[in-house]
Amino acid sequence: MSRVFSTSLRCRLPFLLFLFQTSLLLVFLLFVTYDEHTDAAAQPSHVDHAANQLYAIFSLFQDIQLMLLVGLGLLLAFMKGYGFSAVANNFLLANFSTQWALVIQGFVHHSQNGKIRLGLYNILTAEFAAVTVLISAGAILGRTSSIQLLLMSLCEIPLYVACEWVTVSYLQAVDVGGTITLHVFACYFGLGASIALYRPGLRLGHPKETPSYISDLLSLVGTVFLWVFWPSFVAVLVQPGDAQHRAVLHTWITLSASAVISFATSSLLEKEGKLNVAHLQNATLAGGVAIGAVANMAITPAGAFILGIISSLVCILGFKYMTPFLATKVRIQDQCGIHNLHGLPGLIGAVGGIIAILLVPDEAYGHQLYQVFPPRAPPLRNITMEATSVGENLARSASQQALFQAAGLGVSFLMSLLGGFLTGLLLKLPFLAQPPDHLCFDDSLYFQIQEPMKALSLDQESGDFRLPLKLHISSPCDGKAEMKQEN
């Protein structure tokens, strides 16, 4: 007989969070200081305050905040009995992972004389790292505790930073919107963890895993939030000017094409032409995932349109055919379908970037070629620091750059899948409050749940609708009340 372990979070969750915050507080006290945009003592006497970095990225930063906390949180709340857990754990993970990424990225990328130089840009890039954890968590949503998710974040963030360094700094692959380094990495890290956490008892599904009318509606609202703010997410780290303008334009085109094709394809594949809400919740965003690798390239508006169409089609076909196959034949359980939204469109976007590098002539970029592709700049060419910020100039040809793009994709795929699997093995430790099969996908296991009042009840026999008991205040001053039944 197998031993049943406690699922209580008491002591374990507070201990982990207090220890984490205390440790980070010590790091902040000893190693964190202001960067050049926030340090008053470092400002010249005649500084132009309007040129501060804050005004260039703060509005986009706020868009991304809404995406992560509202859009993604609601998108994950599609299961009828797991809405509190989805939104709350997303909120906790976003803050926990961002703080952890600030420290890891700070020492790797933003340290000077042993001090982390902190500004709004650091928080922005740390939130990009946090997105990988939020996406990966979607693969194991509902069958893990918050302690397991936090431990996954502790493991995933350093690996993400290492993978990003290899892909962007060492191989110098171009990926301004995070298709390769973020979406592909997050997807296959989550799937790797899911493989390790496979549950035979959930192979045929779970009765609480299904959505309800309200949960599906909330999730669809989350999709709309993500759709609206996605151009900010893709373009915020692109160099200002025509490249950033192209990134916003391309992202909107791909998203719009994905949205329209999602409705058409879902109606075509479903019985009686009825729309599948899960398709709309995910495939309408697929173009935004794919465009990140090519957002600032001169792929033409038509190219962005094609990418949006293909991404949406592949996402829906993945939900229709690949997800059941992976669950039953390959033992990969993917609760949120992150492989369909982030994995497959991410691979398409990465391949699209390789094709664009090979086919788009250099003349299409004018004098901006080396700003879009810094590794292609000649070693002795005197170009701006913005163009050389990724690394030294290597004078690569288009075909050489395409090969390094493919190498970056391979590195991201292999590092994430292996890292996710090893992390999943770690998450199986018995003291991490993992829920048993019959208690998965249930808010009441970890949250205090109040029974919701039914706004409307249906008399099954008569078919009459009856309003519930209603509280009537006889006077606004005397505080007396009485209960009345309204028919």
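The values are calculated or read from the model by the stated rules, or taken from the named source; none is laboratory data. Keep in mind that this is a model prediction, so the values were computed, not measured. No Cβ is skipped: glycine too gets one built from the backbone with ideal geometry, and neighbour counts run over all protein chains shown.
For the stretch 42-52, check the following and say yes or no: at least one residue is surrounded by fewer than 18 Cβ atoms within 10 Å (Cβ to Cβ) and touching a residue at least 12 places away in the same chain (Cβ under 8 Å). Yes: the stretch 42-52 contains one or more residues that are surrounded by fewer than 18 Cβ atoms within 10 Å (Cβ to Cβ) and touching a residue at least 12 places away in the same chain (Cβ under 8 Å).
Taking the stretch 1-113 as the region of interest, the helices (runs of 4 or more DSSP H) fully inside it that hold 3 or more residues being polar (S, T, N, Q) are 12-31, 53-66, 83-109.
Restricting attention to the stretch 403-432, and to residues there that are in a loop (DSSP other than H, G, I, E, B) and surrounded by fewer than 18 Cβ atoms within 10 Å (Cβ to Cβ), which single residue is nearest to the chain's Cα centre (by Cα)?
Step one: of the stretch 403-432, the residues in a loop (DSSP other than H, G, I, E, B) are 428-432.
Applying the additional criterion that residues be surrounded by fewer than 18 Cβ atoms within 10 Å (Cβ to Cβ) yields 428-431.
Working: Lys428: 24, Leu429: 26, Pro430: 28, Phe431: 28 Å.
Here the answer is Lys428.
The residues of the stretch 69-95 that are touching an Asp or Glu at 6+ places or on another chain (Cβ under 8 Å), surrounded by fewer than 24 Cβ atoms within 10 Å (Cβ to Cβ) and within 17 Å of Thr223 (Cα to Cα) amount to a single one, Gly83.
Within the stretch 178-190, is there a residue that is crowded, with 21+ Cβ neighbours inside 10 Å, touching a residue at least 12 places away in the same chain (Cβ under 8 Å), not aliphatic (A, V, I, L, M) and not in a helix (DSSP H, G or I)? If you could, list the steps in order and put the result at the bottom.
Kept after step one, since they are crowded, with 21+ Cβ neighbours inside 10 Å, are these residues of the stretch 178-190: 178-190.
Then drop every residue that is not touching a residue at least 12 places away in the same chain (Cβ under 8 Å), which leaves 178-190.
Those left that are additionally not aliphatic (A, V, I, L, M): 178-179, 181, 183, 185, 187-190.
Filter once more, so that each one left must be not in a helix (DSSP H, G or I): 178.
The answer is yes, given that some residue of the stretch 178-190 is crowded, with 21+ Cβ neighbours inside 10 Å, touching a residue at least 12 places away in the same chain (Cβ under 8 Å), not aliphatic (A, V, I, L, M) and not in a helix (DSSP H, G or I).
Against the test of being surrounded by fewer than 22 Cβ atoms within 10 Å (Cβ to Cβ) and within 21 Å of the chain's Cα centre (by Cα), the options Ala298, Ala259, Ala350 yield a single qualifying residue, Ala259.
Among the residues of the stretch 262-282, write down those that are of a type in the set (A, V, I, L, M) and within 14 Å of Phe319 (Cβ to Cβ).
Result: Leu268, Leu269, Leu275, Val277, Ala278, Leu280.
Test Ser153 against the criterion of being out of contact with any Cys (no Cβ under 7 Å at 6 or more places or on another chain), farther than 24 Å from His110 by Cα and in a helix (DSSP H, G or I), and give yes or no. Please lay out each step first, then the result.
Details: out of contact with any Cys (no Cβ under 7 Å at 6 or more places or on another chain): yes; farther than 24 Å from His110 by Cα: no; in a helix (DSSP H, G or I): yes.
Taking the combined requirement at face value, the residue does not satisfy it.
Pairs linking a residue in the stretch 296-310 that is polar (S, T, N, Q) to a residue that is assigned to a helix (DSSP H, G or I), with Cβ atoms under 7 Å and 6 or more positions apart or on different chains, are Asn296/Ala243; Asn296/Arg246; Asn296/Ala247; Asn296/Val372.
What number of residues within the stretch 433-462 are part of a helix (DSSP H, G or I) and either within 27 Å of the chain's Cα centre (by Cα) or modelled with pLDDT of 90 or more (or both)? Let's see the steps before the verdict.
In the first step, residues of the stretch 433-462 are kept if they are part of a helix (DSSP H, G or I); the result is 437-439, 443-445.
Within this subset, residues satisfying the condition of being either within 27 Å of the chain's Cα centre (by Cα) or modelled with pLDDT of 90 or more (or both) are 437, 439, 443-445.
Summing the residues that are part of a helix (DSSP H, G or I) and either within 27 Å of the chain's Cα centre (by Cα) or modelled with pLDDT of 90 or more (or both) in the stretch 433-462 gives 5.
Restricting the stretch 262-272 to residues that are within 24 Å of Val234 (Cβ to Cβ) and among the polar types (S, T, N, Q) leaves a set whose member that is surrounded by the most Cβ atoms within 10 Å (Cβ to Cβ) is Ser262.
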